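The structure appears below as structure tokens.
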Amino acid sequence: MSTLHQSPGRSADGSAGDADYGRIGAGYTSYRQPEPQIEVAIRRALGDARTVLNVGAGAGSYEPRDLDVTAVEPSAQMRAQRPAGRVAAIDGTAEDLPFADNSFDAAMATFTVHQWSDLKAGLAEVRRVTRGAVVVLTCDPTLLRRFWLYDYAPEAIDTEARRYPPVDAIASGLGRGQVASLPIPLHCTDGFGEAYYGRPERLLDPGARKANSAWSFVGPEVHERFETDLGRDLSDGSWDAKHGHLREQPHFEGSLVLIVSPGDRSGGVA
């Protein structure tokens with residue numbers, strides 16, 4: 001593992017994007033456990049790969065346990081939360097991967113591309129070191145306003161919409177790619193914002209919001225207003241009158257997408 005250092009564009013923790021995980025990442029794994037249905041979709045997309053690079057690996061969510069994984073993560077806070085049994089993550093960024101061309105059968109990047117300081121360079125690097133499929137789990141910024149949260153904290157949703165890159169930019173940056181919507185299950189164990197579409201009370205927990213980086217970019221007045229307004233509407237039944245059907249809806253078609261660039265095992269993009 002390389003030595004942690006603070007380079008241009010990185011925080012003291014090593015976080016390379018606009019969010020400082022040294023400040024917001026503590027306790028992250030309490031709220032962001034891998035969701036089995038999403039895990040199955042990612043594993044299927046990785047196909048018959050044997051070696052996999054996980055870029056922006058965080059605490060190791062969605063890393064296949066049956067494959068040879070190499071993990072890269074710039075945040076010391078997130079590297080420290082990787083559970084026993086996961087490989088130690090290398091301190092590094094997507095834009096400067098310390099691997100030779102075509103080193104891996106496949107690569108994955110989950111909830112991370114919006115943190116990359118140079119999306120085009122990062123995608124080119126991932127493609128350079130990967131012979132086969134590159135699998136990216138992200139959110140389509142054009143679909144974020146489907147979530148009822150926009151009624152209560154539009155600032156948080158608008159922040160996310162600005163941060164997430166367009167899906168066509170990701171696909172084209174990898175050479176080519178197929179984009180598929182991923183339905184979010186009602187009891188999703190990975191607590192990104194839309195995971196609580198049918199469990200609004202959960203977002204009144206400050207820890208749940210802290211595990212979603214968008215909330216770190218809005219002021220305390222937004223948090224306070226959100227808690228007051230949502231708390232009131234849950235108490236008087238207003239939320240349920242408008243959105244109560246979501247409590248029993250098995251899946252939500254939100255902004256979650258899986259982008260798969262197949263590549264070519266002989267090296268590079270087909």
Using only helices, what value at 222 nm comes out for the chain when you add -39,500 (n - 2.57) per DSSP H run of length 4 or more and divide by the total residues, to the nearest 500 deg cm²/dmol? -8000 deg cm²/dmol
Give me the dipole magnitude in Debye, nearest 20, for the chain about the Cα centre, with unit charges on the beta carbon: positive for Lys and Arg, negative for Asp and Glu. 540
Going by average Cβ neighbours within 10 Å, how do the peptides 227-237, 99-109, 211-221 rank, with the highest at the top? 99-109, 211-221, 227-237
In whole Hz and in residue order, list the ³J(HN,Hα) couplings for segment 232-246 that follow from phi through the Karplus curve 6.51 cos²θ - 1.76 cosθ + 1.60, θ = phi - 60°; x for Gly and Pro. 4, 5, 6, 5, 8, x, 5, 5, 5, 4, 9, 10, x, 4, 5
Just name one of C188, A49, G231: the one whose Cα is farthest towards the positive end of the charge dipole of the chain (beta-carbon charges, Lys/Arg +1, Asp/Glu -1). A49
Might you report the magnitude of the Cβ-based charge dipole of segment 56-139 about its Cα centre, with Lys and Arg at +1 and Asp and Glu at -1, to the nearest 20 debye? 160
Scalar couplings 3J(HN,Hα) for segment 139-144 by Karplus 6.51 cos²θ - 1.76 cosθ + 1.60 (θ = phi - 60°), nearest whole Hz, x for Gly and Pro, are 10, 7, x, 6, 10, 5
May I ask which residue of A156, L143, W116 lies farthest towards the positive end of the charge dipole of segment 114-163, with charges of +1 (Lys, Arg) and -1 (Asp, Glu) on Cβ and the Cα centre as origin? W116
Out of G58, V126, P36 - ranked by how far each Cα lies towards the positive end of the dipole of the chain, with unit charges on the beta-carbon of charged residues - the top one is V126
For a quick check: sort Y31, Y197 by the number of other beta carbons within 10 angstrom, fewest at the front. Y31, Y197
For the chain, what proportion of DSSP beta bridges, expressed in % and rounded to the nearest 5, is antiparallel? 50
About the Cα centre of segment 86-134, how large is the charge dipole given +1 on each Lys and Arg Cβ and -1 on each Asp and Glu Cβ? Please answer in debye to the nearest 20. 180
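For L119, L144, what's the fewest-to-most ordering of other Cβ within 10 Å of each Cβ?
L119, L144
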In whole Å, what is the distance between the alpha-carbon centres of segment 52-71 and segment 164-205? 19
Neighbour cut-off at most 14 other Cβ (10 Å), DSSP loop, trypsin sites (Lys or Arg not before Pro), segment 34-89: R50, R65
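Taken together, the values in this text are just the output of simple stated rules run on the coordinates, not laboratory data. Everything numeric here is computed off the predicted structure, so don't read it as measured data. Note: ideal-geometry Cβ built from the backbone for every residue, glycine included; neighbour counts use all protein chains shown.
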